[in-house]
Every structure is written in structure tokens, then in C-alpha cells.
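Student: Here it is: the structure, laid out below.
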Amino acid sequence: MKSVRRRESNWTAYAFLTPWLIGFFCLTLGPMLGSLYLSLTQYNLLSPPQWIGTENYRQIFTQDGTFTASLLLTFKYVFLSVPLRLIFALAIALALNKGIRALGIYRTVYYIPSLLGGSVAIAIVWRQIFDGSGALNQFLSWFGIQGPAWISHPDYIVYTIVSLSTWQFGSAMVIFLAGLKQVPADLYEASQIDGAGKVKQFFRITLPMLSPVLFFNLVMSIINSFQAFTPAYVIGDGRGGPLDATMFYTLYLYLKGFSFFDMGYASALAWIMLVIIGAFTALVFLTSRFWVFYGDQEGR
């Protein structure tokens, strides 16, 4: 009787897993393997793929200067946007954790940018704000400050995209806030008795207890930042302007595949990006044993 029930439960589990398995093999694994094959071919969408082996990869690493420039620009964006977004999200979460009234309303308001930030409409609004005669420069003119043409100058435009990324702090903030709710109040009370101030409490209690949440937000922010596309496409007029100052890696990949119809080359670029994201994610996982604290790991 028990074996019959066990078989029935197994079949039930398989039935619930079947849609996910179909989606994984047909919509994820299948296209991935297809793009891996295309990365080893010359394919322009019009004629059948021609096998060329690793020629696309050789050309990328030895002859493609735009690849190097776009990769360095993407690294710069990631290293700037990820810390700023996490710091801003944690600061807002700490402020909202003070037991203020109407917390749900504030949490919703602060989360809205994360829902809208990746849209084309918000990128267009951001472009208007940072235009030479936009809202930001008009505000600065009230104080007698002549602001630069933020989106027309190659030295400034990437920082407007970083600011847009920082503005999308809502999802990380909500997760930080949930983590703060799980920190035992007894720890703060005991530290106050020992004479610990707010700063020491933050670094000795809050951060260690939030380290698993910080770890999750860090990994997700790194992955999302490497895949940033819409802001660079809209603010940079879809061509990486001015002077390739917004030629992010994803934008270069898109242009290669859908503007120049070099789909084999674009597939190779995509697989290189997959390896880079995997390497950064693995690095975070490897270093997490030194700074991520889990309450069920005694003596760590």
C-alpha cells in the first residue's frame, strides 16, 4: 500500500514538473545549444550557416577593438552601478526599518522605480532630464551653475546611465528590509548594555546578520548590470554614441546580430559574456565563505 502511494506521489511530482521541464529544454537549453553551434559558424540569417570552427572567437580576441572597448565600458558600469545601488538600497531600508507609519506605502513608492526603470519610456525621460537644456541643468542654473551637456559629452554620459541604475534600487531595498526584520532585537539591546554605539552596531551586528541577503543582492545586481541594454540603447541613440561612450557589451552584441546580421559572431559574443558573468558569480561564491555569516554555522 505504501509503495502504491509512493508511486502516486512520484507521478504527481512528475506531472507538476513536466511543464517546467518542457520549458527548460525547449526555451532555455535548446536555444543555448543552438547559439553555441551558431557561434562556430558564419551565419547572416539569409543563407545556411557555414562551419568555420573557432574563427569568430579568434577574430574577437585578436582583431576586434570594439569588443575590448565595450567590455571595459561594461566593467566600468558594473563596478560603479552595483555598489551605488546596494548602498543606496541599504540606506533606504535602514531608514524604513525605524518603525515609521504607513510603511507599506513608502515601500511601494520606493519599489516603483525598479518596475519602471528598465522600460524605454523611463530611459527617454532620463534622456530629457540630462539633456543640455533639460531639467537638471535648469535646476543648476538657479544657483548660477552652468551644467554640461550630460548626454552629448562622452565623458559624462555613462554616469547618467549609472544614475538611472542607482535609481532602480527598489527590489534590493525590499529584500534588505525583509532581512532587517529578521535581525533579533536582543542583539541590539545586549550591545547597548555593553556600550556599543550605532556605528559599531551596524558593522558588528547589522552587516553580519544581513550578509546572506547582501550576498544574494550582490549576485543578482552583478548579473543584471552585465545585461544592461535598454538605457544604453535609448540614451545613446542605439549606436553607442557619442563616440562609442555608450557602446555597452550587450548593445555591441545586438548591433552585430540585428544590424549587421552577423549572427554567428553575435552568438560568440553572447557565449563570452556568459563565461564572464559565470566567472564573476563564481568569484563571489568563492569569497562568500569569508564574509557571509549563516546563523546555523557555529564557530564560523
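The values are calculated or read from the model by the stated rules, or taken from the named source; none is laboratory data. Given the structure is predicted, the values throughout are model-derived calculations rather than measurements. Glycine also receives a Cβ, built like all others from the backbone with ideal geometry; neighbour counts cover every protein chain displayed. Heads up: the accessible areas ignore ligands, DNA and RNA and are worked out on the full protein's heavy atoms, side chains in. Shrake-Rupley method; radii C 1.70, N 1.55, O 1.52, S 1.80 Å.
Student: I'd like the full set of residues that are open to solvent by 60 Å² or more (accessible area, probe 1.4 Å), under 25 Å from residue 241 (Cβ atoms) and at pLDDT below 95, limited to region 45-67.
Tutor: 63
Student: Here's another thing I want to ask about it. Can you tell me how many residues in region 174-186 are open to solvent by less than 70 Å² (accessible area, probe 1.4 Å) and farther than 19 Å from residue 89 by Cα?
Tutor: Residues that pass the stated criteria total 2.
Student: Pick from 147, 195, 132: which is farther than 30 Å from residue 74 by Cβ and not in a helix (DSSP H, G or I)?
Tutor: After ruling out the rest, the residue left standing is 195.
Student: Then there's this: When the residues of region 179-195 are narrowed to those that are among the aliphatic types (A, V, I, L, M) and touching a helix residue (DSSP H, G or I) at 6+ places or on another chain (Cβ under 7 Å), which ends up farthest from residue 98 (Cα to Cα)?
Tutor: 187
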